[in-house]
Amino acid sequence: KYEDFLKKHFFNKEVTLTPSIEDDVLYIEIEGQEERAIYDMGDGLQTIILCTFPLFMNQDKNLILFIEEPELTLHPGMQRKLMEIYCNECENAQIFITTHSNHLLDITLDYEEKVSIYSFKKEEGEEDRFIIENITANKEILDFLGIRNSSVFLSNGIIWVEGISDR
């Protein structure tokens, strides 16, 4: 069933996964290509499997999943596919993603009702304390100004220009 899931969502080709107990390796064959060990495949494919397999195996359970910077090895198109799966296929899961990707941040605009954006900043004078703030509510003002999430949520400074023609 997971092979069918990968075919449907990522490859549009037959996918065969063969675990080898002898050498403790997962072998992957994609239609038209020779079977190869997972470590001989691209990092993006490995990330897709790592980021979707736990969801697939626990789809009937409540699940909390933490993923750190999935964009590091994923093409922007695959980042979009991954976010589509998280938002449309994972009703019993809460997924927390850390990111520095403006692309991933902008994709969240397509899933406003399913995604919340939080900022974390160190509390002044406190080494191990952070202030966590839900900044999703700022979306309305960004829409009004015609600004993408990544334009402001990843910047160190912003210059505001008055007037729509000056944007």
Margin query: Tell me which strands (runs of 3 or more DSSP E) are completely within segment 1-119 and hold 1 or more residues being under 30 Å from Phe130 (Cβ atoms) and modelled with pLDDT of 90 or more, or say none if there are none.
Written below: 63-68, 93-98
Checklist line | Hits in segment 120-140 (condition: open to solvent by 80 Å² or more (accessible area, probe 1.4 Å), at pLDDT below 80 and in contact with an Asp or Glu (Cβ under 7 Å, 6 or more places away or on another chain)) | finding: none
Note to self: Residues that are within 19 Å of Ile28 (Cβ to Cβ), among the hydrophobic types (A, V, I, L, M, F, W, C) and out of contact with any Gly (no Cβ under 7 Å at 6 or more places or on another chain): does segment 80-100 have at least one?
What the structure shows: yes
Next item on the list: Residues being open to solvent by less than 70 Å² (accessible area, probe 1.4 Å) and free of Cβ contacts under 8 Å to residues at least 40 places away in the same chain: count how many of those fall in segment 8-22.
Entry: 6
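Residues are listed down the side, and each one gets a yes or a no for (1) among the polar types (S, T, N, Q); (2) loosely packed, with under 15 Cβ neighbours inside 10 Å; (3) out of contact with any strand residue (DSSP E or B) (no Cβ under 8 Å at 6 or more places or on another chain):
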position: Glu31; (1), (2), (3): no, yes, no
position: Glu35; (1), (2), (3): no, yes, no
position: Asp40; (1), (2), (3): no, yes, yes
position: Thr47; (1), (2), (3): yes, no, yes
position: Leu50; (1), (2), (3): no, yes, yes
position: Leu55; (1), (2), (3): no, no, no
position: Leu65; (1), (2), (3): no, no, no
position: Glu68; (1), (2), (3): no, yes, no
position: Glu71; (1), (2), (3): no, no, yes
Note to self: Let me spell it out: the conditions are (1) surrounded by 15 or more Cβ atoms within 10 Å (Cβ to Cβ); (2) out of contact with any Ser or Thr (no Cβ under 6 Å at 6 or more places or on another chain); (3) of a type in the set (Ser, Thr, Tyr), and Tyr2 meets all of them except one. Which number is the exception?
What the structure shows: (1)
Note to self: I'd like to know if segment 89-99 contains one or more residues that are surrounded by 12 or more Cβ atoms within 10 Å (Cβ to Cβ) and over 14 Å from the mean Cα position of the chain (by Cα).
What the structure shows: no
Next item on the list: Looking for whichever is within 14 Å of the chain's Cα centre (by Cα) and among the hydrophobic types (A, V, I, L, M, F, W, C) here; the options are Leu55, Leu26, Leu6. Which one fits?
Entry: Leu55
Check: Which pairs do you get when a residue that is under 13 Å from Pro70 (Cβ atoms), found in segment 102-114, comes within reach of a residue that is surrounded by 17 or more Cβ atoms within 10 Å (Cβ to Cβ) and of a type in the set (D, E, K, R), reach meaning Cβ atoms under 6 angstrom, with the pair 6+ apart or on two chains?
Finding: Leu104/Glu71
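The values are calculated or read from the model by the stated rules, or taken from the named source; none is laboratory data. All values derive from a computational prediction rather than experimental measurement. Note: ideal-geometry Cβ built from the backbone for every residue, glycine included; neighbour counts use all protein chains shown. With ligands, DNA and RNA removed, areas are computed over all heavy atoms of the protein, side chains included. Shrake-Rupley method; radii C 1.70, N 1.55, O 1.52, S 1.80 Å.
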